[in-house]
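First comes the structure, then the notes that go with it.
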Amino acid sequence: MFTKIYFEDYTEQTVRDTIGRTITETDIVLHAGQTGDFFPHHMDAEWCKTQPFKQRIAHGTLIFSVAVGMTASQINEVAFTYGYERLRFIKPVHIGDTIKVKVTVKGKKEYKNPAQGLVTELVEVYNQCNEIVMACEHILLAQKRLT
């Protein structure tokens, strides 16, 4: 479970995929309770029937949180999340949708501390119809190997 993947070990265009996870009503209710976001888009099935999307939609922040968790399969002792950029919620996710995540190493660059580098991963979330529902860039701050 613990590993050491240094800046030099990341290779551009390397891809990793997750298994699927189905979004449930419980996920939505728990997320609403944690965040205080009880907007009718997420909580009111009858109101949603009158809207173009016709059914409740998962919070974008829920899908982001679940997707990030799905990609966390190992603990890298020498790289840490520096942040996320360009977060977009492209299509709604509904109760019963199954999402999968594809992570592609998009680029690497030097950092102000010469002992570290920045790795950018493209994170793409797809539903069961293989439609992209969310995308963002995950920035890692990775240690370099000592030479």
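Just so you know, all these numbers are worked out from the coordinates, no wet-lab data involved. Small disclaimer: the values here were computed from a predicted structure and weren't measured. Glycine gets a Cβ as well: all are built from the backbone with ideal geometry, and neighbour counts include every protein chain shown.
In the range 43-73, which chymotrypsin sites (Phe, Trp or Tyr not before Pro) are in a loop and have at most 14 other Cβ atoms within 10 Å, using DSSP for the loop call?
Phe53
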*Could you check how many percent of all C-alpha pairs in the chain are farther apart than 20 Å?*
53
*Using amide H atoms built 1.01 Å from N in the peptide plane, name the residues 5+ places from Tyr82, or on other chains, whose amide H lies under 5 Å from its own.*
Ile139, Leu140, Leu141
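Within 10 Å of each candidate Cβ there may be at most 16 other Cβ atoms; applying that plus a DSSP loop requirement, which GluC sites (Glu not before Pro) in the range 81-147 survive? Walk me through the numbers on the way to the answer.
On the way: sites: Glu85, Glu110, Glu121, Glu124, Glu131, Glu137; in loops: Glu131.
Counting only loop positions with at most 16 other Cβ atoms within 10 Å, the GluC sites (Glu not before Pro) in the range 81-147 are Glu131.
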_With θ taken as phi - 60° and the coefficients 6.51, -1.76 and 1.60, list the Karplus ³J(HN,Hα) couplings across the range 129-136 in order, rounded to whole Hz; mark glycine and proline as x._
8, 6, 9, 6, 10, 7, 8, 6
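With +1 on the Cβ of every Lys and Arg and -1 on the Cβ of every Asp and Glu, and nothing else charged, how large is the dipole of the range 2-143 about its Cα centre, in debye rounded to the nearest 20?
180
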_Restricting the range 111-147 to trypsin sites (Lys or Arg not before Pro) in coil, as DSSP defines it, with at most 14 other Cβ within 10 Å_ = Lys112, Arg145
*For the range 27-40, in order, what is each residue's ³J(HN,Hα) by Karplus, 6.51 cos²θ - 1.76 cosθ + 1.60 with θ = phi - 60°, in whole Hz (x at glycine and Pro)?*
4, 5, 5, 4, 5, 4, x, 6, 9, x, 8, 9, 4, x
*In a GNM of the chain with a 10 Å cut-off on Cα contacts, which of Pro92, Pro114, Pro52 has the highest mean-square fluctuation?*
Pro52
*Gaussian network model of the chain, Cα springs within a sub-10 Å range: biggest mean-square fluctuation belongs to which of Lys106, Lys91, Lys49?*
Lys49
*For labels at Arg16 and Ala115 in the simple 7 Å Cα→Cβ model, what's the distance in nm?*
2.5
*Taking amide H positions as placed in the peptide plane 1.01 Å from N, state which residues far from Leu87 in sequence (5 or more) or on other chains have amide H under 5 Å from it.*
Glu137
*Residue among Thr18, Phe7, Gly33 farthest towards the positive dipole end of the range 1-42, charges placed on Cβ*: Gly33
*Taking the chain as a Gaussian network, Cα atoms linked when under 10 Å apart, which of Ala32, Ala115, Ala135 shows the biggest mean-square fluctuation?*
Ala115
